[in-house]
Amino acid sequence: MNTDIPPSFHLHMVSDATGETLVAISKAARVQYAQFRAYEHVHSLVRTRRELDRVLRDIEATPGIVLYTLVNREHIDALEETCRRVNVPCVPALLPILQVLESYLGTPSTPSVGAQHALDADYFRRIEALNFSMMHDDGNLPPRLDDADIVLVGISRTSKTPTSIYLANRGFKTANVPLVRGMQLPPQLESVKRALVVGLIASADRIAQVRHNRVLEHFKSHVEDYVDRDAIAAEIAETKQICARHRWPIIDVTRRSIEETAAAILRLYDDREDPVLEP
């Protein structure tokens, strides 16, 4: 191993849009080098020469790897020239993908600044889904539950709300229902036909730990039952029984991130048989 490699480095992300694409790409790559610390510099909405010059000065002051998604050819040339002079890598993050698309489709791309953030039908679908999920959180169900695409059920602290919001950001109307031991399910759940209902569970140890931390933050009443491992295990068992009775799939979120849980849910959503629609 090269002992001259520093334990930290600067990472510049230069975009003429929001920079979200670069942040996602860099995060996926950086986790493979957890032993190094990255000092991130996100330069977003770089659309004028004045804004670019500010970025170039920052790169010269703190040299490091440069990733970019720019459309303006003059700005690209200036950025790459500065990186050559400072002797740092300069990577057009989307170029390999665009080259593959161009080769396969037989036509060049049409450069467009921030095209992925256009106010198109998909954008408004995601906004509608987000509004829906926020209005139907924690058991606040719509009159017609089948207005939802996905319904999440589970006991307290199984990440129902953040998973719902993540799915909504992907354009799926998601409601979530807390399962409370000894309480009957909402009647709408008994007759749902179109929406995919998924049960979320986790290990008793994980839920107990999360609930304990929650109690410390909010001084919740009935502390003993809320954090008792045996009581939690009984809640989980009841969740499994309910889901088995209704033939709802179950996902264990113990070792899953929100993104991984959502991916598993969407796989179920895509793989299921065509839903039965009401006449």
Give region 44-63 a look and list any residue that's open to solvent by 90 Å² or more (accessible area, probe 1.4 Å), touching a residue at least 24 places away in the same chain (Cβ under 8 Å) and in a helix (DSSP H, G or I), or say none.
Arg49
For region 108-126, which residues satisfy the criterion of being over 21 Å from Ala24 (Cα atoms) and modelled with pLDDT of 85 or more?
Arg125
Residue within region 32-43 that is part of a helix (DSSP H, G or I) and basic (Lys, Arg) present
no
Residue count, region 258-267 (criterion: within 15 Å of Thr158 (Cβ to Cβ) and open to solvent by 30 Å² or more (accessible area, probe 1.4 Å))
2
Can you list the helices (runs of 4 or more DSSP H) lying wholly within region 152-257 that have 1 or more residues being hydroxyl-bearing (Ser, Thr, Tyr) and open to solvent by 60 Å² or more (accessible area, probe 1.4 Å)?
160-169
Test: residue in region 133-144 that is in a helix (DSSP H, G or I), of a type outside the set (S, T, N, Q), open to solvent by less than 70 Å² (accessible area, probe 1.4 Å) and more than 24 Å from Ala38 (Cβ to Cβ)
no
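The values are calculated or read from the model by the stated rules, or taken from the named source; none is laboratory data. Because the structure is a prediction, the values reported are computed rather than measured. Virtual Cβ from ideal backbone geometry, glycine too; neighbours counted across all protein chains shown. For the accessible areas, the whole protein counts, side chains as well, though only heavy atoms, and no ligand, DNA or RNA atoms are used. Shrake-Rupley method; radii C 1.70, N 1.55, O 1.52, S 1.80 Å.
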